[in-house]
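A.B. asks: Here it is: the structure, laid out below.
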Amino acid sequence: MTRINPVLDTNASPEAAALFAAIKGKVGMVPNLYRTTAQRPAVLSALLGLGDALGKGTFDAKTREAIALTVAKANRCDYCASAHSAISASMKVGQEEILANLNGTSGNPRLAAILALASRIVAEKGHLTDADLADARAAGLDDGDIIEVTANVVANIFTNYINHIAQTDIDFPVVATAA
């Protein structure tokens with residue numbers, strides 16, 4: 001059961017209502033994570049803005065979703081694992097690849113390198129060694145890739161932690177990270 005109530009359409013502030021309308025226009029519904037962060041519309045706006053900004057990076061949507069899956073599993077966030085599994089499936093990512101991404105790997109060597117780096121960032125709380133960076137570079141990632149992976153990891157830690165604290169009700173087909 002949720003520990004922080006989601007904001008409903010009926011009690012949304014004007015700022016939250018405007019953000020909800022934009023979200024509904026994009027995805028057809030307002031996921032509970034967004035309803036929870038709307039307790040403070042500035043936080044919801046920041047979360048959406050970060051996602052929009054990262055969408056203008058060099059990583060495509062499937063890569064960003066794969067990072068989200070890896071971070072969700074590493075942080076044991078069932079809400080994010082569920083949401084990003086559903087989003088990935090809607091983008092025609094196969095179930096086998098979704099499961100691989102949850103476990104920090106991929107059949108694609110470049111994506112596998114990105115996810116390995118994301119896993120290390122989470123595991124080490126950002127305190128990477130010179131060897132970690134050398135491994136990423138040896139796998140073909142450049143400094144820009146390393147920064148972009150880090151930014152995507154941080155964006156997902158943000159949502160993971162909100163979901164941990166709020167115990168957000170999952171409004172997607174449930175994927176358990178402990179399984």
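Every number here is computed from the coordinates shown, using simple stated rules; none is lab data. Not measured: the values here are computed from a predicted model. Note: ideal-geometry Cβ built from the backbone for every residue, glycine included; neighbour counts use all protein chains shown.
A.B. asks: How many angstrom separate the Cα center of segment 17-84 from the Cα center of segment 130-175?
C.D. replies: 13 Å
A.B. asks: Restricting attention to the alpha-carbon atoms of segment 9-54, what are Rg (one decimal) and Dmax (integer), both in Å?
C.D. replies: 9.7, 31
A.B. asks: With label points built 7 Å along Cα→Cβ from the Cα atoms of T150 and H127, find their separation and express it in nm.
C.D. replies: Rounded to a tenth, the inter-label distance reads 1.6 nm.
A.B. asks: Can you bin every Cα-Cα distance in the chain into 5 Å intervals starting at zero and give me the percent of pairs per bin, rounded to whole numbers?
C.D. replies: All Cα pairs considered, the percentages come to 1, 9, 17, 21, 20, 15, 9, 5, 2, 1, 0.
A.B. asks: Any idea what the relative contact order of segment 61-166 is, in percent, if you count C-alpha pairs under 8 Å spaced at least 6 apart?
C.D. replies: RCO, segment 61-166: 33 percent.
A.B. asks: Something else: Report the label-to-label distance for E96 and E15 in nanometres (one decimal), using points 7 Å from each Cα along the Cα→Cβ vector.
C.D. replies: Reported label-point gap for E96 and E15 is 4.8 nm.
A.B. asks: Apply the membrane-span-like helix rule to the chain: whole DSSP H runs, Cα extent along the own long axis of at least 24 Å, mean Kyte-Doolittle hydropathy at least 0.5. List the helices found.
C.D. replies: 143-166
A.B. asks: As a test of the formula, what do you get for the chain when each DSSP H run with n ≥ 4 contributes -39,500 (n - 2.57) and the sum is divided by the residue count, at 222 nm and rounded to the nearest 500 deg cm²/dmol?
C.D. replies: Mean residue ellipticity, 222 nm, calculated: -20500 deg cm²/dmol.
A.B. asks: Next question. For a footprinting-style exposure proxy, rank I146, I114 by other Cβ within 10 Å, fewest first.
C.D. replies: I146, I114
A.B. asks: In percent, what relative contact order does segment 1-128 have, based on Cα pairs under 8 Å that are 6 or more apart in sequence?
C.D. replies: Relative contact order for segment 1-128 comes out at 18 percent.
A.B. asks: Shifting gears a bit: For A89 and M1 in one chain, what is 0.36 nm times their gap in residues minus the Cα-Cα distance, to one decimal in nm?
C.D. replies: Length gained between A89 and M1: 29.0 nm.
A.B. asks: Find how much the distance from T58 to N103 grows on full extension, using 0.36 nm per residue of separation minus their present alpha carbon separation; answer in nm with one decimal.
C.D. replies: Separation in residues times 0.36 nm, less the Cα-Cα distance, equals 13.9 nm.
A.B. asks: Out of the trypsin sites (Lys or Arg not before Pro) in segment 39-131, which ones are loop residues according to DSSP with at most 12 other C-beta atoms within 10 Å?
C.D. replies: K56, K92, K125
A.B. asks: Pairs to check: K24/K56; K92/K125; K56/K125; K73/K125; K56/K92; K26/K56. Give those whose C-alpha atoms are more than 23 Å from each other in this structure.
C.D. replies: K92/K125; K56/K125
A.B. asks: Using a basic spin-label model with each label point 7 Å from the Cα along Cα→Cβ, how many nm lie between A138 and L8?
C.D. replies: 5.7 nm
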